[in-house]
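Working notes, structure below.
The values are calculated or read from the model by the stated rules, or taken from the named source; none is laboratory data. As the structure is a prediction and not an experimental result, all values here were calculated from the model. As a convention, Cβ positions derive from the backbone with ideal geometry for all residues, glycine included, and neighbour counts pool all protein chains shown. Please note that ligands, DNA and RNA were not included when accessible areas were found on the heavy atoms of the full protein model with its side chains. Shrake-Rupley method; radii C 1.70, N 1.55, O 1.52, S 1.80 Å.
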Amino acid sequence: MKPLPLLLLDVDGPLNPYAAKPHRRPAGYGTHRVRPDSWVARFPQRPAERVRPLRLWINPDHGPELLALPYELVWATTWMAEANTWIAPLLGLPELPYIVWPQLHQEDPDGLHWKTRALVAWAAGRPFVWVDDEVGPQDSAWVAAHHPGPALVLRVDPGLGLREGDFATLREWAATGAG
C-alpha cells in the first residue's frame, strides 16, 4: 500500500491568523493564551508567570477538516514538539510527527525561506504539500527543482488563516497531483 502524501503544517499564519485586521479575532476562531517553554525562554530575566502569554486564534473546525484529508499530517513549525502540547489539543488532533529544524531563522544564500532546504531533505522524496504563510515563488521553484517527488507549496494569508479554498486545493492536489 502506497503511503499517504505528507501535509507539512505551519502554525502561525495558517492555523493562527495572527495578522488579522484590525487585530480582531476572525469569525469561528477562539482566543487562547499560552506560555510555551520556548516563548518563556526568550525572557530569561523574568519568572515564567511574569512572561506575557502568547495570544493564539484557533478555529476548532480546522482539526476535523485536516483529519478528513488524505494526508499524513506533520508539524512544520518553529513550535516543533510544543505544537503537540499547545496546538493539537485545541484542534482535536492527535500527537503528530514534527520536523526538528537544524537552525531557526537562518539566512539562505539564495533567498529561500529558512525552512525550505531542511523541509525537502526531511520529506526524503515523499509527495508533500507545505502549508505556510512565509513562502514565495522562489521556494516553489526550488522545491520543484530539488524534490524528486510531487510537491506543492501552498501560501496562506496570515491575516486570514486556512480557508475553504485552501482545503479545496488540498483535496484536489491529493486526488490529482500527489502522484
Hits in the range 100-143 - residues which are closer than 21 Å to GLY161 by Cα and not hydrophobic (A, V, I, L, M, F, W, C):
HIS113, LYS115, THR116, ASP132, ASP133, GLU134, GLY136, PRO137, ASP139, SER140
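Could we say that LEU96 is over 22 Å from ARG33 (Cβ atoms), touching a strand residue (DSSP E or B) at 6+ places or on another chain (Cβ under 7 Å) and not small (Gly, Ala, Ser) here?
Details: over 22 Å from ARG33 (Cβ atoms): yes; touching a strand residue (DSSP E or B) at 6+ places or on another chain (Cβ under 7 Å): yes; not small (Gly, Ala, Ser): yes.
For LEU96, the condition - over 22 Å from ARG33 (Cβ atoms), touching a strand residue (DSSP E or B) at 6+ places or on another chain (Cβ under 7 Å) and not small (Gly, Ala, Ser) - is met.
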Six or more apart or on different chains, Cβ under 6 Å: which pairs go from a residue in the range 37-61 that's of a type in the set (Gly, Ala, Ser) to one that's modelled with pLDDT under 95 and surrounded by 12 or more Cβ atoms within 10 Å (Cβ to Cβ)? Could you list them?
ALA48/VAL40
Flagged in the range 98-116 as open to solvent by less than 80 Å² (accessible area, probe 1.4 Å) and in a loop (DSSP other than H, G, I, E, B), in numbering order, are ILE99, TRP101, LEU104, GLN106, ASP108, GLY111, LEU112, HIS113, TRP114, LYS115
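Condition (residue is modelled with pLDDT of 95 or more, in a loop (DSSP other than H, G, I, E, B) and within 16 Å of LEU69 (Cβ to Cβ)) applied to the range 141-153: is it met by at least one residue? Working first, answer last.
Taking the range 141-153 first, the residues modelled with pLDDT of 95 or more are 141-153.
Now narrow it down to the ones that are in a loop (DSSP other than H, G, I, E, B): 147-150.
Next, from what is left, pick out any that are within 16 Å of LEU69 (Cβ to Cβ): 150.
There is at least one residue in the range 141-153 that is modelled with pLDDT of 95 or more, in a loop (DSSP other than H, G, I, E, B) and within 16 Å of LEU69 (Cβ to Cβ).
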Name every residue in the range 155-179 that is among the hydrophobic types (A, V, I, L, M, F, W, C), under 17 Å from LEU15 (Cβ atoms) and surrounded by 19 or more Cβ atoms within 10 Å (Cβ to Cβ), in order of residue number.
VAL156, LEU162, LEU170
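Determine if the range 118-127 includes at least one residue that is touching a Lys or Arg at 6+ places or on another chain (Cβ under 9 Å), more than 23 Å from LYS2 (Cβ to Cβ) and either crowded, with 18+ Cβ neighbours inside 10 Å or among the aliphatic types (A, V, I, L, M) (or both). So that I can check it myself, show each step before the final result.
So in the range 118-127, the residues touching a Lys or Arg at 6+ places or on another chain (Cβ under 9 Å) come out as none.
No, the range 118-127 has no match at all.
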Read through the list (1) within 17 Å of ASP157 (Cβ to Cβ); (2) open to solvent by 30 Å² or more (accessible area, probe 1.4 Å); (3) in contact (Cβ under 8 Å) with a residue 40 or more places away in the chain, then give the number of the only condition that THR78 fails.
(1)
From the list PRO70, PRO64, PRO14, PRO5, which one is closer than 25 Å to ARG171 by Cβ, in contact with a helix residue (DSSP H, G or I) (Cβ under 9 Å, 6 or more places away or on another chain) and open to solvent by 70 Å² or more (accessible area, probe 1.4 Å)?
PRO64
Residue that is surrounded by the fewest Cβ atoms within 10 Å (Cβ to Cβ) [pool: residues in the range 17-57 that are of a type in the set (A, V, I, L, M, F, W, C) and touching a strand residue (DSSP E or B) at 6+ places or on another chain (Cβ under 6 Å)]
VAL34
